[in-house]
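The values are calculated or read from the model by the stated rules, or taken from the named source; none is laboratory data. All of these numbers come straight from a predicted model, not from anything done at the bench. Cβ placement follows ideal geometry from the backbone for every residue including glycine, while neighbour counts extend to all protein chains displayed.
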Amino acid sequence: MTSSQDFLRHRELCAAIARHDHAYYALARPAISDREYDRLMGELLGLEQRCPDLATPDSPSQRVAGRPLSEFRPAQHAVPMMSLDNTYSQSEAREFVNRLIKLLPGETLEWVVEPKVDGVAVSLRYENGVFELGATRGDGTTGDDITANLRTIRSLPLHLLGPDAPEVLEVRGEVYMPTAGFQKMNASRVAQGEEPFANPRNATAGSLKQLDPRSVAARPLAIVLYGVGETRGSFAPTTQLELIQRLAAFGLPAPPRTWFCRTMEELLEAIDELDKVRESFGFETDGAVIKLNDLSLRARVGATSKAPRWAIAYKYEPEQARTLLKSITIQVGRTGALTPVAELEPVLVAGSTVSRATLHNEEELARKDIRVGDTVIVEKAGEVIPAVVGVVMEKRPADSVSFVFPRSCPECGTAVSKTAVEDGADAGAVWRCANQDCPAQARGRLEHWCSRGAMDIEGGGEVLVAQVVKSGLVLDVSDWYRLTIEELSGLERMGRKSAQNLLDGIQASKSRDLYRLILGLGILHVGDGVAKILGREFEDLDALAAAGEERLLSVEDIGEAIARSVVDWFSDSRNRRLIERLRAAGLNFKSALFQARAAPGPLKGKTFVLTGTLEGMTRDEAAALVESRGGKVSGSVSKKTDYVVAGAEAGGKLEKARKLGVKVIDLAAFRDLVAER
């Protein structure tokens, strides 16, 4: 081999190993076997042994190179590294958003929510695509040079992927230790008679302080990157979402999931959803980070001496308080479910005063042995409704008695019956009132119909619903469409202007898409996601009403409980009459989401799920390709899925596909699959 051939082969091997490192460590999607990987690495090492000048700093062989350091050198940040202000309650999150609204009058503000990784903040400097320097935050201006230690992190590319790396790219993020790796490492330390680390963050911090990179290489460290400092050259994203996509395109590990929010309500929903799914990430998080999406607007609001004004950390750390349980009341929901509620001596928890807390169901009440008169522990970790998590047994009154769950509805007196709940927080069994005319159920159905996710009728909240039910003006959802301004104006605190605004909202709701109407009907087990699935599958409400259980079960992600519930709802003569009243009122029964059944073609019978960013192709274009060849595109992964097409930033759907053993293909393989034969 000539010198030029050696050089070219070395470049090929470096690029191939970098791609496979990224696929294995960053994407968890290995493309070759361990044996084949070792063969490539062995060839690289042999080549560098023959030609030492080829062992450049960005070579995969240099991940653990050099001698132990005597001390860390200082490294100055070109752009200061700032920390974030913290918030612990939704009210404080609202205050943060309102501050930005005041600072940016007239601007449309959009937000990105990211997991707050519980790790060690670092800054990485790439020059012409090559990793040159890595440093800790330090005092924000100067940190420790830990370049050698960061090189050992396999998910971190030593050379940026792609041909368009900027002249300088300084990226910021967190080094952390995945939960599984932490547990394995601690077990090994205990077996060797060493003291285990207290938690993954301590283990990470201790690892990065090691002066010998070979010791660091033995630690299961990982990294996530989500921001930038100094940049020079062709790197000019305009939003946080675009920034993350660009970083991921360079092969840099990005957050496993982000949420894009346009309103305060969407933002709070995102924070709550993140709290529910964060345990699935495989690493510890201690909150959510809320960021202004538009980078130019960030520059306008600037920063304080310690933290940016455009971002804040929402901490999930649970705050608990003790208080007296004065009584237990029973709340009847729109489906007739009876839920026990703790009436508490008001107590401050997580920034707000709590006087009521859910007790879930009879089984949960009995399991925790919660009684009236108990001193209880209340916790509110980002939830809307706090919960009683335990009893202070030593303070229990001597004459306390177990709570007896009622066997008749407290609202209407109808006998209640017990039905199974298959999943969710209230799994087990629930008592239900079967009387559809129960005032509590009527109020719940009317409020649900008006809710933002359903028919979105502004003003149709709890207070108004209570008034219209009590007055007899509205008893089912079709009655909203018969109201007159005179009737509404006669209600307490309802002037003609407010009445007209409500009527305008009711009129506007007639044109809502079918899936929102389905959701608004309040069919048991049919939430927002299921309603959208049904809207994609059925052209109009009549087609859904005519579908039998077998037809519904043929729809992906529709199980027996949902299918049975839908059929039962439309089989009820009362509900059929309700549908006719809604039809007469002029509501839209057509679905804009409807996807016609697959035409005959080479992909007939095949179901695809699209996830991540597909370079050079929108998801709509990809879906059209599938459907034009007879295939079907689904919004969620199940055992019925044939292919998951994974682009950049693929998240939860990709992980679920791996767990279920569903075939995952990249965009190139997808193009081959849908190519004309």
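Do any helices (runs of 4 or more DSSP H) entirely within segment 564-677 hold 3 or more residues that are touching a helix residue (DSSP H, G or I) at 6+ places or on another chain (Cβ under 6 Å) and modelled with pLDDT under 80, and if so, which? Walk me through how you get there before you give the answer.
On the way: elements: 573-585, 619-628, 652-660, 667-674.
Fully inside segment 564-677 and qualifying: nothing.
Checked against (1) crowded, with 20+ Cβ neighbours inside 10 Å; (2) within 35 Å of the chain's Cα centre (by Cα); (3) over 23 Å from THR335 (Cα atoms), ALA499 passes all but condition (2).
Taking into account only those residues within segment 562-582 that are of a type outside the set (Val, Ile, Thr) and over 20 Å from ALA442 (Cα atoms), which is surrounded by the fewest Cβ atoms within 10 Å (Cβ to Cβ)?
ARG564
Counting only helices (runs of 4 or more DSSP H) that fall entirely inside segment 195-286 and contain at least 2 residues that are within 25 Å of LEU109 (Cβ to Cβ) and of a type in the set (Asp, Glu), the qualifying elements are 264-277. Scanning segment 287-305 for residues that are of a type in the set (Val, Ile, Thr), at pLDDT below 95 and under 17 Å from the mean Cα position of the chain (by Cα) yields no hits at all.
Here is a yes/no grid of residues against (1) out of contact with any helix residue (DSSP H, G or I) (no Cβ under 8 Å at 6 or more places or on another chain); (2) in contact (Cβ under 8 Å) with a residue 24 or more places away in the chain:
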| residue | (1), (2) |
| --- | --- |
| THR231 | yes, yes |
| SER234 | yes, yes |
| THR239 | no, yes |
| GLU242 | yes, no |
| ARG246 | yes, no |
| PRO255 | no, yes |
| ARG262 | yes, yes |
| GLU265 | yes, yes |
| LEU268 | no, yes |
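Here is the figure for segment 82-109: residues that are closer than 16 Å to CYS261 by Cα, in contact with a Lys or Arg (Cβ under 9 Å, 6 or more places away or on another chain) and surrounded by fewer than 14 Cβ atoms within 10 Å (Cβ to Cβ) total 1.
Scanning segment 538-555 for residues that are crowded, with 19+ Cβ neighbours inside 10 Å and at pLDDT below 90 yields one hit, VAL555. Among the residues of segment 469-481, those identified as touching a Lys or Arg at 6+ places or on another chain (Cβ under 9 Å) and either without any contact (Cβ under 8 Å) to a residue 40 or more places away in the chain or in a helix (DSSP H, G or I) (or both) are VAL469, LEU473, VAL474, VAL477, SER478, ASP479, TYR481. Here GLN500 meets each of (1) assigned to a helix (DSSP H, G or I); (2) in contact with a Leu (Cβ under 7 Å, 6 or more places away or on another chain); (3) assigned by TED's automatic domain parsing to the domain that holds CYS450; (4) without any contact (Cβ under 8 Å) to a residue 40 or more places away in the chain with one exception, condition (2).
The condition (being among the hydrophobic types (A, V, I, L, M, F, W, C) and closer than 24 Å to ALA337 by Cα) is satisfied by just one residue among LEU491, LEU483, LEU503, LEU517: LEU517.
If you go through segment 354-375 and pick out every residue that is within 11 Å of ILE328 (Cβ to Cβ), modelled with pLDDT of 90 or more and either in a strand (DSSP E or B) or touching a helix residue (DSSP H, G or I) at 6+ places or on another chain (Cβ under 8 Å) (or both), you end up with 1.
Contact map, segment 483-497: first residue assigned by TED's automatic domain parsing to the domain that holds LEU446, second residue part of a loop (DSSP other than H, G, I, E, B), Cβ cut-off under 6 Å, separation 6 or more or different chains; pairs are GLU487/LEU473; LEU488/MET494. The residues on offer are GLY616, GLY647, and the sole one that is more than 23 Å from the chain's Cα centre (by Cα) and either surrounded by 18 or more Cβ atoms within 10 Å (Cβ to Cβ) or not assigned by TED's automatic domain parsing to the domain that holds ALA531 (or both) is GLY616. For segment 143-163, give me each residue that is under 24 Å from ARG29 (Cα atoms) and in a loop (DSSP other than H, G, I, E, B). If the condition is that a residue be under 24 Å from ARG29 (Cα atoms) and in a loop (DSSP other than H, G, I, E, B), then THR152, ILE153, ARG154, SER155, LEU156, PRO157, LEU158, LEU160, LEU161, GLY162, PRO163 are the ones that fit. Kindly evaluate GLY559 against the criterion of being of a type in the set (Gly, Ala, Ser) and either within 20 Å of LEU446 (Cα to Cα) or under 25 Å from the mean Cα position of the chain (by Cα) (or both). Yes; evaluated as a whole, the condition is true for this residue. Flag: GLY453 matches the condition of being modelled with pLDDT under 90, surrounded by 12 or more Cβ atoms within 10 Å (Cβ to Cβ) and assigned to a loop (DSSP other than H, G, I, E, B).
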